[in-house]
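Please read the structure below before turning to the comments.
Since every read-out is calculated from the coordinates, none of them should be taken as a lab result. Computed from a predicted structure; not experimentally measured. All Cβ positions, even for glycine, are placed from backbone atoms using ideal geometry, and neighbour counts span all protein chains on display.
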Amino acid sequence: MSDEYVYGVDTTKEITPIMVRDAIVRCFIEAHKDSLGIEEQDSDIIKRMVTEAVKKSFRETDGDFENPTKESLLRSIGNLKEFSKSFRNQEVIENHFNAIKSLIDKIE
């Protein structure tokens, strides 16, 4: 991951909540692809599954997946962080969480 790009988001340009929402999906796929046993041919299925999990996180935290705000993004990643604790290494979770939080912090 380049310093200029975080989960596909160019950090040298304006960052929108939609861009961060999509980065959360990419992050969650990356963070869990090993534990989920993702094969390249399964990538569309996994993306749909992960997108549904992220949508659920938004619903559980009173956010709108389709129209995220800075605040709803923060609540959602907090929820996903808690969810991930049961099956991921805490250091890995913190690294992914902090990368996404750095994007959220750049939203105007």
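What the table below lists for this structure:
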quantity: Pairs of lysines in the chain (C-alpha under 17 Å apart; 8 or more residues apart or interchain); calculated: 16
quantity: Of 64, 44, 22, the one that fluctuates the most in a GNM where the chain has Cα springs shorter than 10 Å; calculated: 44
quantity: Cα gyration tensor category, rounded, prolate or oblate, for the chain with a/c compared to 1.5; calculated: rounded
quantity: 5 angstrom amide H check on residue 61, placed H, neighbours 5+ away; calculated: none
quantity: ³J(HN,Hα) computed for each position of the stretch 13-22 - Karplus, 6.51 cos²θ - 1.76 cosθ + 1.60, integer Hz, glycine/proline x; calculated: 10, 4, 10, 10, x, 5, 4, 5, 4, 5
quantity: Gaussian network model of the chain, springs between alpha carbon atoms under 10 Å - residue of 65, 87, 28 with greatest fluctuation; calculated: 87
quantity: Net charge contributed by nearby residues that have their C-beta within less than 12 Å of residue 62 (K/R +1, D/E -1); calculated: -1
quantity: The chain, relative contact order [Cα under 8 Å, separation at least 6], %; calculated: 34
